[in-house]
Each structure stands twice: as structure tokens, then as C-alpha cells.
Amino acid sequence: MERGPNGFALDEACLLISAHARPNLDVGHYLNRLDEIAGTILPPTLDGLLSVLFRDEGYRGNEHAYYDPDNSFLDQVIDRRVGIPITLSVLAIEVGRRCGVPLWGVGMPGHFLLRDKVDPMVFVDPFNGGKILLAGDCRRMHHALSQGSPWDDSFLNPTSKIAIVARVLTNLKMVARERQDDSMLLWVMRLRQAIPGLAVEERVEFERLSARFN
């Protein structure tokens, strides 16, 4: 497992989240799948990466079932070729890392994006077919999604790996609540306990939920 500045591998962390929903998940198989996809990126450029992922492989945003929990599980995103912005971003980041196309995740409020490390003026919207964006495009997208709430340039700063994992778990927590699936909510909140700086209120909520299962 490759360990970066945040001390863990993003692809493996996301697959381990999936393993809580599917205990028999073969994490190694999906890591190999990412290796295989990366091996097809020729030339190893951003354009090459986007062409393979979003044209040849057909990865796309799941517009028809956005809140399906499978959209947040990296193994299911790899298999089904649909996902939400953050998991499609994780896919691109980890395939890109393998083939020498470095990307950052960008946790813009309301929509997760990618940012090119080689040319930081270039952004990518993985949910919409790997569309290339500039900063102005991102601002306009934010205003449209947030109904005109104020913009801050920091919205386009790179997002740490731990923040990406936290956001994936936040999405799953929201889905579990919507589905009134307390067993799912319990394991999602248990994983969230490892996030540095987690609010005291969430720790108390987890303790109360845990007590109901004891």
C-alpha cells in the first residue's frame, strides 16, 4: 500500500469503506482493476486519462439514482461505471496516480471536482463526462448550484485525503438516514469516529445509537 502525506492510500481506504457493506469484498481485486485501467492510459496525459475513463470505459455520473448508496462505494463505481462526483474523482485520482497523471480532489461546496497538478488552472468535472473547466466555470457552477451564495476562491483549494474520506462517509451517513437504515448508519458513524476534529455532538449521537444495538 502506498502511503502519502496523509499516511494512507486513498483507493484502499475507500475500498475498505465498501468492505463494511460487503464483508467478503476482495479489496486486492479492485486495486488490480485500477492498475489495469491505468495501464491503458496512452499517452499518459490528462487528455489521455479523461478519454479512457469517460469515453472508452464509459464512466459517468448517476443522474437517475444520485442517492443510491452504491454510488459511494468505490468497488461498485468501478463495476457499474456510474457514481457521484466524489467517487468518480477518487477513481480518476487513483488511476492518474498509477499512470503519472497527478490530480488533486477539490471539495467545492455542492460539487466535487478535480484539479490538474501539472496545470493548476485546469479543473475537471468527472460527473459530467470529464468536462474541462476553468476557475470562472467553477464559480458559475457554484452560483447555479447554491442559488447565488457568496463565492470564495478557497473553494478551489486541493482537498486532503482524510477530508475526501470524511466526505464519502458524510454522503453515506445522509443516505442511511434517508433510508432509515440504522444498522448502516451505525457502521458509517463508527468509521467517522476516526476523523480528527469530529464534532462532540456526533460522538454523542454515535454513543446513543450504539447503545440501541447493545
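A short reminder: the numbers here are calculations on the coordinates, not readings from a lab. These numbers were taken from a predicted model, which means no experiment stands behind them. Using ideal geometry, Cβ is built from the backbone for each residue, glycine included, and neighbour counts are taken over all protein chains shown.
Here are the numbers for this structure:
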| read-out | value |
| --- | --- |
| Packing-based order for 12-22, 94-104, using average beta carbon neighbours within 10 Å, highest first | 94-104, 12-22 |
| Gain upon complete extension [Leu209, Lys117; 0.36 nm per residue less C-alpha separation] | 29.0 nm |
| Order by protection proxy (mean Cβ within 10 Å, highest first), peptides 23-34, 190-201 | 23-34, 190-201 |
| Value in Å of the Kirkwood radius, where the stretch 10-180 supplies the Cα pairs that are averaged | 16.1 Å |
| FRET efficiency, 1/(1 + (r/R0)^6) with R0 22 Å, evaluated for His64 and Ala163 via beta carbons | 0.20 |
| Net length gained if the chain between Leu186 and Thr170 were fully extended (0.36 nm per residue, minus Cα distance) | 4.5 nm |
| Proximal lysines relative to Lys131, as straight alpha-carbon distance under 22 Å, when same-chain residues fewer than 8 apart are discounted | Lys117 |
| Candidate lysines for bridging to Lys173, where Cα separation is under 21 Å - those fewer than 8 sequence places away on the same chain excluded | Lys161 |
| Distance between modelled label sites at Asp79 and Asn32, nm, 7 Å Cα→Cβ extension | 1.6 nm |
